[in-house]
Amino acid sequence: MRLRHISDTDMDVWPAFTDFLTSVLFIVILFIFGILFSSLAQSSSEMEQMIEQQKRVRKELEARLGSKIEIPSEDGNLQRIILRIDERGGGGVLFPRGSAQLSPEGKRLLDDIVAVLEANRDAYDTIQVEGHTDDVPISGNYLSNWELSAARAGAVVNYILSAPSSAGSRQLEPWRFSANGRAEFRPYGLPEDQMDLASADNPRRGPNLNYVVRSNQTAGVNPILDNPMAQRNRRIEIILTYKVKRLRPRPGGADAAQGGAQ
């Protein structure tokens, strides 16, 4: 049996073919890295835009409300702004003791907040409203401070959605809102690392209930009227949340009304 003669020309095809495959692979790798770097650059740009929007909204809230509410400068989360309204602030008391009926001064304060939120509706995504109480046992219309805090958060949302819109603005959209009750278990100033303190009988008991009681009551004073920390804990927090990437326009929402233009 005779072996087929392989010429030099046949031998040269394989190096050329492997060089071609190497070139194609190199181009594909460059293309993938190009997409990756472009995506990273876009994400960085969107993050910068989000931070600029935060700064603008924060500045307007501080200019309009002054010392009436507290806006923590840093809470470790770049994608939210917290508006804290408590009885120690200059905005007055939002709710009478044991009640979820907004006071007249509370309504005026919410009107000022809503005016800024309506004017900057495209600068944030959702609005979380949280109710907080002291640890004094409740009596009357509510079974516990859980029900009272949740009712107060709901009252704030209902008032915002039912109040007349500011001049030249549209009412805020209901889909933005959520209302939650925290009772006494997120006291003012409680460090995050205290929320899951281990105890002898249950290693995942958290939060530190001794801290909760100390923050709400002090021996020898009336905890309802006199304790500054209890007054801090009787509060509403309005949390504006941000997304790095804009959502698709919602039917009937602000984005849809403006054709999705940013």
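For this structure, a couple of remarks:
- Shown are 126, 22, whose ranking by accessible area with a 1.4 Å probe and every protein chain present, most to least, is 22, 126.
- Legend: residues 232, 108, sorted from most to least accessible area (1.4 Å probe; ligands, DNA and RNA excluded), read 108, 232.
- Distance between the modelled labels on residue 213 and residue 125, one decimal in nanometres: 4.0 nm (7 Å Cα→Cβ projection).
- Residue-span extension gain [residue 161 to residue 101] - 0.36 nm each, minus C-alpha spacing: 20.1 nm
- Under 5 Å between amide hydrogens, built in the peptide plane, is the criterion, and for residue 95 it picks out 103 among residues at least 5 positions away or on other chains.
- In the range 101-178, inverting the average of 1/r over every pair of distinct C-alpha atoms gives 13.8 Å as the Kirkwood radius.
- Area of residue 31 that stays accessible when all protein chains are in place (1.4 Å probe, Å², to 10): 130 Å²
- Residues with amide H under 5 Å from that of residue 177, placed H, sequence gap 5 or more: 127
- Residues 146, 175, ordered by accessible area of protein heavy atoms at a 1.4 angstrom probe radius and largest first, appear as 146, 175.
The values are calculated or read from the model by the stated rules, or taken from the named source; none is laboratory data. Remember, predicted model here, so these are calculated numbers, not experimental data. Methodologically, a virtual Cβ is constructed for each residue, glycine included, from the backbone with ideal geometry; neighbour enumeration extends over all protein chains shown. Each accessible area value is taken on the protein alone, full model and side chains, heavy atoms only, with ligands, DNA and RNA left out. Shrake-Rupley method; radii C 1.70, N 1.55, O 1.52, S 1.80 Å.
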